[in-house]
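Below: the structure, in structure tokens.
The values are calculated or read from the model by the stated rules, or taken from the named source; none is laboratory data. All of these numbers come straight from a predicted model, not from anything done at the bench. Note that each Cβ is placed from the backbone with ideal geometry, even for glycine, and that neighbours are counted across all protein chains shown.
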């Protein structure tokens, strides 16, 4: 791994895990004894380093269940809906809309890649996790499936839609700029030149779902988007 990839890896690691840890500290740790805070902090960061998105995923579930869903979260402002309400009836609707958006973004991305190939005169590489999926054994693919389809959507929607977009950017700037800025950071965090239109478009679409139907709708959209990608990879490899 070259120096650039190390820097990007550290950036992605911090941009994903720092907001979750800050929420964990604010909600659960700040009133604990110093010794307990130190031990749990070490466990969180150690787990975040060595378990990909698993430990952050568990912490997000804990925050959702113990903080957001019981009504203590008073920061869902500037909209008419409760972003933490889980509406199971909207799952199918969101999934269908996501697949339509995915199809359009795939077309746009294909055009973009062709243009990119023409100008940079070299083969554009797919996202690293895609290569890992192609080259891995069935057991590793099984683990990657959970990371990509389940863990990542819960964690990334919490970080990019709730924490960055809603909590940090939206109170300080116009809505469109806040959405675009959080989408840009989301795109950079995925560190893949060939997928810029797809990542940026997905982020904007998930922001739209977050605003109109709430956090769980954004998670559903993200899951449907990633699942469709994984299924295409599986069928392409048959």
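Residues in region 213-230: is at least one free of Cβ contacts under 8 Å to residues at least 24 places away in the same chain, more than 14 Å from the chain's Cα centre (by Cα) and surrounded by fewer than 18 Cβ atoms within 10 Å (Cβ to Cβ)? Within region 213-230, none of the residues are free of Cβ contacts under 8 Å to residues at least 24 places away in the same chain, more than 14 Å from the chain's Cα centre (by Cα) and surrounded by fewer than 18 Cβ atoms within 10 Å (Cβ to Cβ). As a summary of the residue check, residue 91 satisfies the conditions (1) at pLDDT below 90; (2) within 19 Å of residue 154 (Cβ to Cβ) except for the one numbered (1). Close contacts from region 1-12, counting a first residue that is under 13 Å from residue 189 (Cα atoms) and a second that is modelled with pLDDT of 85 or more and surrounded by 10 or more Cβ atoms within 10 Å (Cβ to Cβ), with Cβ to Cβ under 7 Å and a gap of 6+ residues or different chains, come to 12/189. Residue-level check: of (1) at pLDDT 95 or above; (2) buried (at least 17 other Cβ atoms within 10 Å of the Cβ); (3) within 24 Å of residue 52 (Cβ to Cβ), residue 196 misses just (1).
Here residue 176 fulfils each of the conditions (1) buried (at least 17 other Cβ atoms within 10 Å of the Cβ); (2) more than 18 Å from residue 146 (Cβ to Cβ) apart from (1).
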